[in-house]
Amino acid sequence: MNIAMFTDSYTPYVSGVVRSIQRFSRGLTTLGHKVYIFAPDYHRDMAGVPDTDATHIYRFHSVPAPTCPSFFLPIPISVRADRLMRKLEINIIHTHSPFLMGQLGAILARKRDIPLLFTHHTLYHEYTHYVPVPQGFTRQMIINYLHRYFRHCDHVITPTPQIKDLLLDLYNLPNPITPIPTGIDLSHYRGANQDWLRQQFSIEQTSKIVLFIGRLGKEKNPIIVLEAFSLLAKQNPSIHMVFVGEGPEKEHLVQWSNEHKLKQKVHFTGSIEAQKVADCCCGADLFMFGSTTETQGLVLGEAMAAGLPVVAVEATGTNDIVIHGYNGYITESEPHALAEYSHRILNNPTLYASMRVHALRTAQQLSIDTTASQLLAVYEQALTTRFSSAR
C-alpha cells in the first residue's frame, strides 16, 4: 500500500504529533508498505535529521508562526503535488492536521478519488491562547471549521476512546471513528543509559528524581507540576525535578524555581532526541503530569515503558492510560493533590514495586507493531468501503 501523510509539523520540530507520525510510519514501513510524508521546511540545515521512518519526505516552503516562532507554517501550494499523487500511486491520504497541509490533503483526496483519513491529535479549541483575538470567538470558529472538515473524511482516528466520545458529543459525527493509540518504540528502552540523567545534572544516586516530559506551554500546565514539586521537596529535601522539552513557559518556570530557592533542584534538558528521552525515563523514579488538554498523553506511555508510576491531573486522554491505584494515580488539578500522591508512591516501596510492574504491562500493550497493524486494518477498511460504494 502507498500512503501519503500530510502534516503541519515534522522534524526537526519536536511534539507528540511528530512522534506519532514517525512511529506509525516506522511501523507501516516495517510491515512492507510505503509512507510518503508531506511536511514543512524549517529553513535550516537538515543535515543529521533522520528521515529513516518514512519512504520519503517532501518539504513545503514555510514561514515562522507570528505567536510561536519555533513553529513553522507550511504554505500548502505545490504544482507538483497532484502529479506526485499519481506518480507514487497513492492509495490512502492520511492528514494529521485539519488546517494548512490538511486542506491540501483533502483537496488531493477528492481530486484523486481516494480515501481521506484524519487523526484528531489535538484539542484545537483548547489552544486559543496562542491566537491574539477573543478566545470565545476563536474557540467557536475552530469548532465550526472542524465540523466542515470532518465531512470530507472517510474515517477519523482518535488516540483514545474518550476522545472518540468527545468528538461524537461535540460534532455528532456520522463518520466511522476508530481509537488507535500512538505506539511506543520499546527498542529505545533496551540498553538505555540509566545513569545519563544523574550524570548530566550531577544528581546523587540516593536522590529521587521526578520527571516531566512535554512542551513547556500553558496548555501542558507545567507550572502546577513545579508547584507540586516544591511541596514534595519540603518533605524530601534531596529530591530533584527534571523538565524535558522546550516551550514559551520555560523562562517562567526557571524564574519561579529561582524565586522559590529551587534552582539547584530543578533542571531543564531542553529538546532532546528520542533515545535520550528514554534514558531520562529509565533514570527517573516518578513521572508527574499536569496537562488537562491531552488527547492521548503519549509521554505517559513512554514513562511507563521505563516502569515509572505516573501521577497526573485528570484529563480526557490521560484517563485512558493511567489507571488509578494500578499504574499510578489520577488527581484533581491542584498542586497539593499531585504532591500527596507522589509522596505516597515514593515512600511506600511495596506500592512502588507493584505500580512499576503494572506500568510496564501497560506499555507492552502500546508497542509500535501492535498499533501500526491496527491502523493498517483501518486503511484496508476505508479502501474496501470506497471500492464497494463505487461499484
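The values are calculated or read from the model by the stated rules, or taken from the named source; none is laboratory data. Just so we're clear, the structure is a prediction, and the values are computed from it rather than from any experiment. Quick reminder, even Gly has a Cβ in these numbers, built from the backbone with ideal geometry, and neighbours come from all protein chains shown.
Observations on the model:
- Residues in the stretch 225-272 that are among the aromatic types (Phe, Trp, Tyr) and in contact with a strand residue (DSSP E or B) (Cβ under 7 Å, 6 or more places away or on another chain) were compared, and the one that is farthest from His343 (Cα to Cα) is Phe268.
- Screening Leu173 against (1) in contact with a helix residue (DSSP H, G or I) (Cβ under 7 Å, 6 or more places away or on another chain); (2) closer than 23 Å to Gln22 by Cβ leaves a single unmet condition, (2).
- Test for Ser271: is it assigned by TED's automatic domain parsing to the domain that holds Phe201 and at pLDDT below 95: yes
- Selection from the stretch 292-307 of residues that are modelled with pLDDT under 85 and over 24 Å from Ala192 (Cα atoms): Thr293, Glu294, Thr295, Gln296
- Considering only residues in the stretch 12-40 that are modelled with pLDDT under 95 and outside any helix (DSSP H, G or I), the one that is surrounded by the fewest Cβ atoms within 10 Å (Cβ to Cβ) turns out to be Pro12.
- Inter-residue pairs, beta-carbon under 7 Å, first within 16 Å of Leu116 (Cβ to Cβ) and in the stretch 72-93, second part of a loop (DSSP other than H, G, I, E, B), 6+ apart: Ile90/Ile114; Asn91/Met1; Asn91/Ile114; Ile92/Met1; Ile92/Ile114; Ile92/Pro115; Ile93/Ile114
- Matching residues, the stretch 279-296, being aromatic (Phe, Trp, Tyr) and touching a helix residue (DSSP H, G or I) at 6+ places or on another chain (Cβ under 6 Å): Phe287
- Looking only at residues in the stretch 282-330 that are among the acidic types (Asp, Glu) and under 19 Å from the mean Cα position of the chain (by Cα), the one that is farthest from His188 (Cα to Cα) is Glu314.
- Failed item, numbered, when Ala315 is tested on (1) modelled with pLDDT under 95; (2) touching a strand residue (DSSP E or B) at 6+ places or on another chain (Cβ under 6 Å): (2)
- For the stretch 66-115, the set of residues classified as small (Gly, Ala, Ser) and either buried (at least 19 other Cβ atoms within 10 Å of the Cβ) or part of a helix (DSSP H, G or I) (or both) consists of Ala81, Ser97, Gly102, Gly105, Ala106, Ala109, listed by residue number.
- Subset of the stretch 145-174 [buried (at least 16 other Cβ atoms within 10 Å of the Cβ) and assigned to a loop (DSSP other than H, G, I, E, B)]: His152, Cys153, Asp154, Pro159, Thr160, Leu173
- Leading residue by the ranking (nearest to His155 (Cα to Cα)) among those in the stretch 345-391 that are more than 22 Å from the chain's Cα centre (by Cα) and β-branched (Val, Ile, Thr): Thr385
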